[in-house]
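Peer 1: Below you'll find the structure I mean.
The values are calculated or read from the model by the stated rules, or taken from the named source; none is laboratory data. Keep in mind the model is a prediction, meaning the values are calculated, not measured. Counting neighbours? That spans all protein chains shown, and the Cβs are built from the backbone with ideal geometry, glycine included. Heavy atoms of the whole protein, side chains included, go into the accessibility calculation; ligands, DNA and RNA do not. Shrake-Rupley method; radii C 1.70, N 1.55, O 1.52, S 1.80 Å.
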Amino acid sequence: MSFIDLITQRQSVRKYASAKVEQEKIDIILHAARLAPSASNSQPWHFIVVSDPILKDKVAKATFSKLIPFNKFAVQAPLLMVIVKTKSKIITQIGGRIKSREFPLYDIGIVAEHICLQAAELGLGSCMLGWFNEKKIRKTLRVPVNFDIALVITLGYAAEGYKLRDKRRKTIKEMTSYNVFNHKSI
C-alpha cells in the first residue's frame, strides 16, 4: 500500500468487533512507535498496553461520563494503548522554556500517529482520545503522580460493515500560502 493510500484509509474507528488484537500486531505497532522521532531524541513516552478486559473496561469508562458520553465506544475496543508523558532531556526542557513550547506534546502527537498508521496498515482501526479522567486512569494503571497521561488510543478490528467515511478537509489552496502568510486564504 502506498503512503497516500494508507493515510486515506486511516480514520478514527468508533465501532469495534470483539476479536482480540494478535500479540504479533501489537509488537509491530510498538516497534513503529519506538522509531518515532522526538526533540533531542528524548522519547518522552511510555506505553501501557491495556488488554486485560477488566482493566481495559475501567480505563475505557474513564474516557466518558453521563454528561460527556461521546467516547462510550471505547468500551467496545479490545485493546487500549495509554501514552504516558515522561521526562524529556534537559536540553529539550531548556529549549522549551526559552521558546515557550511543549516539545514533548509534539513528540506525543508524532508517536501517536505512528501507532495509528501502523495499526491501519495491519488492518486495525484506532481512535485517539484526548478527553478522559486522568485521575481514574492514573489510579487504575498505577501511574505515579509525577507523570501525565497524555493520550488514550483505542485499537481493534472495525466492526463488520464499518464504512470508510469521506474525509472532509480544507483544500490545499485554503490551507497553504507560499513564501509569506496569506490571510485571505483563511
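Peer 1: Could you tell me which numbered condition His46 fails, if it satisfies all but one of (1) modelled with pLDDT of 95 or more; (2) in contact with a Phe, Trp or Tyr (Cβ under 8 Å, 6 or more places away or on another chain); (3) not in a strand (DSSP E or B)?
Peer 2: (3)
Peer 1: Take Val75 and decide whether it is under 22 Å from Lys135 (Cβ atoms) and modelled with pLDDT of 95 or more.
Peer 2: yes
Peer 1: Could you list all residues from the range 56-65 that are open to solvent by 10 Å² or more (accessible area, probe 1.4 Å) and modelled with pLDDT of 95 or more?
Peer 2: Scanning the range 56-65 gives Lys56, Asp57, Lys58, Lys61, Phe64.
Peer 1: Working only within the range 123-161, note down all residues that are assigned to a loop (DSSP other than H, G, I, E, B), in contact (Cβ under 8 Å) with a residue 12 or more places away in the chain and farther than 16 Å from Pro78 by Cα.
Peer 2: Within the range 123-161, Gly130, Trp131, Phe132, Asn133, Val143, Phe147 qualify.
Peer 1: While we're looking at this one, here's another question. Tell me which residues, restricted to the range 162-186, are within 30 Å of Lys61 (Cα to Cα), open to solvent by less than 90 Å² (accessible area, probe 1.4 Å) and either of a type in the set (Lys, Arg) or in a helix (DSSP H, G or I) (or both).
Peer 2: Lys167, the sole residue that qualifies.
Peer 1: List the pairs whose first member sits in the range 6-23 and is crowded, with 19+ Cβ neighbours inside 10 Å and β-branched (Val, Ile, Thr), whose second member is modelled with pLDDT of 95 or more and part of a loop (DSSP other than H, G, I, E, B), and whose Cβ atoms are under 8 Å apart, counting only residues at least 6 apart or on separate chains?
Peer 2: Val21/Ser51; Val21/Pro78; Val21/Leu124; Val21/Tyr157
Peer 1: Which one of these is within 15 Å of Gly123 (Cβ to Cβ) and not in a loop (DSSP other than H, G, I, E, B): Ile29, Ile4, Ile54?
Peer 2: Unique residue meeting the criteria: Ile29.
Peer 1: Restricting the range 66-122 to residues that are free of Cβ contacts under 8 Å to residues at least 60 places away in the same chain, polar (S, T, N, Q) and under 18 Å from Ala36 (Cβ atoms), which is surrounded by the fewest Cβ atoms within 10 Å (Cβ to Cβ)?
Peer 2: Thr92
Table: residues versus (1) at pLDDT 95 or above; (2) of a type in the set (Gly, Ala, Ser); (3) on the phi > 0 side of the Ramachandran plot.
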site	(1), (2), (3)
Asp107	yes, no, no
Leu124	yes, no, no
Met128	yes, no, no
Asp148	yes, no, no
Leu164	no, no, no
Arg168	no, no, no
Ser177	no, yes, no
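Peer 1: Within the range 26-55, how many residues are in contact (Cβ under 8 Å) with a residue 24 or more places away in the chain, open to solvent by less than 60 Å² (accessible area, probe 1.4 Å) and within 16 Å of the chain's Cα centre (by Cα)?
Peer 2: Summing the residues that are in contact (Cβ under 8 Å) with a residue 24 or more places away in the chain, open to solvent by less than 60 Å² (accessible area, probe 1.4 Å) and within 16 Å of the chain's Cα centre (by Cα) in the range 26-55 gives 12.
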